[in-house]
Amino acid sequence: MSLKQQIDADIKQAMLARDQDKLRALRAVKSMILLEETKEGQTGDLKPEDETRILTKAVKQRKDSADIYRQQNRPDLLATEEGEISVIEKYLPQQLSEEELKEKLQAIMARVGASAPSDMGKVMGAATKELAGQADGKAISAMVKTLLQ
């Protein structure tokens, strides 16, 4: 079952359960999928990596909004964003633990021959492609900086 079909089925379940928070998050994701499918040059079907990219983008947007709401002391809006994040993250691949991320990054660094902080660009390019959806870009960047020092 494709992500779009899974989202459609879950939207129906959320409607029946009258779960407004889940419904709002799923509708936003469905909208992002439809926009991507109808974008110029698209065939209408999304590849799994495109689906992961869309979900990652949706989570990142909500995390950014949650940070703003946290700074502005708006717990009502913060709770909404965090609820949507938890719904969307269920469709993403399992996130790597810090130790697993470190191991994978060390393997990537060995493969690209990185040993100094000036090699960060090479490592980040390979790591963001290989670990897409499995780890947050900020976490990857922070770990690479630590490992290259």
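Summary table
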{"item": "Residue in region 34-45 that is buried (at least 18 other Cβ atoms within 10 Å of the Cβ) and within 11 Å of Lys4 (Cβ to Cβ) present", "result": "no"}
{"item": "Test: Met120 is part of a helix (DSSP H, G or I) and within 22 Å of Asp50 (Cβ to Cβ)", "result": "no"}
{"item": "Residues of region 100-132 classified as of a type in the set (Lys, Arg) and under 13 Å from Thr146 (Cα atoms), total", "result": "1"}
{"item": "Qualifying residue in region 64-71 (condition: in contact (Cβ under 8 Å) with a residue 24 or more places away in the chain, assigned to a helix (DSSP H, G or I), among the β-branched types (Val, Ile, Thr) and not assigned by TED's automatic domain parsing to the domain that holds Gly133)", "result": "no"}
{"item": "Of residues in region 72-83 being surrounded by 14 or more Cβ atoms within 10 Å (Cβ to Cβ) and free of Cβ contacts under 8 Å to residues at least 40 places away in the same chain, the one farthest from Ala9 (Cα to Cα)", "result": "Arg74"}
{"item": "So Ser86, is it surrounded by fewer than 15 Cβ atoms within 10 Å (Cβ to Cβ), among the hydroxyl-bearing types (Ser, Thr, Tyr) and at pLDDT below 85", "result": "no"}
{"item": "Some residue of region 14-33 being under 19 Å from the mean Cα position of the chain (by Cα) and assigned to a loop (DSSP other than H, G, I, E, B)", "result": "no"}
{"item": "Residue list for region 8-25, filter: surrounded by fewer than 18 Cβ atoms within 10 Å (Cβ to Cβ), touching a residue at least 40 places away in the same chain (Cβ under 8 Å) and not basic (Lys, Arg)", "result": "Asp21"}
{"item": "Criterion: assigned to a helix (DSSP H, G or I) and under 12 Å from the mean Cα position of the chain (by Cα) - qualifying residue of Gln61, Gln106, Gln94", "result": "Gln61"}
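One line per residue, one yes/no per condition, for (1) out of contact with any Phe, Trp or Tyr (no Cβ under 9 Å at 6 or more places or on another chain); (2) free of Cβ contacts under 8 Å to residues at least 12 places away in the same chain; (3) more than 18 Å from Ala28 (Cβ to Cβ); (4) of a type outside the set (Asp, Glu):
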| residue | (1), (2), (3), (4) |
| --- | --- |
| Gln42 | yes, yes, yes, yes |
| Ile54 | yes, no, no, yes |
| Lys57 | yes, no, no, yes |
| Lys122 | yes, yes, yes, yes |
| Ala127 | yes, no, yes, yes |
| Val144 | yes, no, yes, yes |
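The values are calculated or read from the model by the stated rules, or taken from the named source; none is laboratory data. This is a predicted model, so every value here is computed, not measured. Because the Cβ atoms are built from the backbone with ideal geometry, glycine has one as well, and the counts that use them run over all protein chains shown.
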